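Taking it in order: structure first as structure tokens, then the write-up.
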Amino acid sequence: MIIGLTGGIGSGKTAVSDSFEALGITIVDADLASRVVVEKGKPSLNSIEEHFGNEILTPEGELDRAKLREIIFNSDSEKQWLESLLHPAIANQIQEELSSSKSPYTILVSPLLFETNQKEFCSKVLVVDVPVETQVSRTLERDGVSEEQVNSIINSQIDREKRLELADEVILNNGSLADLQEAVRELHHKFLSEI
Ligand code: ATP
């Protein structure tokens with residue numbers, strides 16, 4: 001059984017996945033997978049270099065993420081090109097990690113579960129939900145970015161109501177971290193009983 005875990009920026013996905021991990025559940029992280037596929041020596045990085053030229057690499061031969069972000073921010077067609085290269089590569093990486101998991105069920109954590117085809121890996125979706133004000137204040141505290149930046153990220157993500165509509169299970173993360181861990185423990189027992 002694979003449970004997709006998602007939620008907006010600063011909602012508590014990492015806090016939730018850390019709690020499941022502490023209970024012995026394997027976590028596959030889509031963000032990490034998206035970094036692995038563009039590591040030095042990986043075929044996707046070679047394709048990116050062929051397409052954009054070697055100025056897209058740092059002097060150490062790593063992907064210059066800031067440069068790539070700027071290019072795709074300014075060009076929809078380059079963005080599409082990149083997505084058509086990376087989405088299948090990321091999906092393969094995720095698939096590989098999911099199939100090597102040995103825990104009773106596995107959590108796939110992804111900020112873009114609904115926006116990509118990653119939900120198709122999952123038998124159920126768990127949404128971690130917080131009021132937008134909490135999302136903003138926790139992200140500001142954690143990242144030291146501007147409120148404007150946080151709001152613009154929130155606006156680029158699927159909205160709260162839509163996300164909740166698509167959820168099979170919801171954890172409301174508006175209490176303490178201890179409350180959150182308790183909610184995770186309850187869900188863990190529920191998931192174990194459903195295997
Ligand atoms: P992102 O999408 O940006 O990676 P996230 O959904 O993984 O974010 P977390 O990093 O888990 O969110 O949580 C955001 C911040 O809020 C962190 O600093 C975390 O420690 C804090 N936090 C999460 N849950 C709680 C809580 N119940 N009480 C207090 N602080 C919390």
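Any read-out appearing in this document is the output of simple, stated calculations on the displayed coordinates, not a laboratory observation. Here the structure is a predicted model, which is why all the values come from computation and not from measurement. Note that each Cβ is placed from the backbone with ideal geometry, even for glycine, and that neighbours are counted across all protein chains shown.
So here's what we get for this one:
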{"read-out": "Net charge, F73 excluded, C-beta distance under 13 Å - Lys, Arg +1, Asp, Glu -1", "value": "+1"}
{"read-out": "Cut-off 15 Å between beta-carbons: net charge of the residues surrounding V28, Lys and Arg +1, Asp and Glu -1", "value": "-2"}
{"read-out": "Computed Rg/Rh of the chain, alpha carbon atoms with Kirkwood Rh", "value": "0.99"}
{"read-out": "Net charge, E141 excluded, C-beta distance under 13 Å - Lys, Arg +1, Asp, Glu -1", "value": "-1"}
{"read-out": "Mean residue ellipticity (222 nm) of the chain, computed from DSSP H runs ≥ 4 via -39,500 (n - 2.57), nearest 500", "value": "-17000 deg cm²/dmol"}
{"read-out": "Distance (nanometres) between label positions extended 7 Å along Cα→Cβ at E148 and H87", "value": "3.2 nm"}
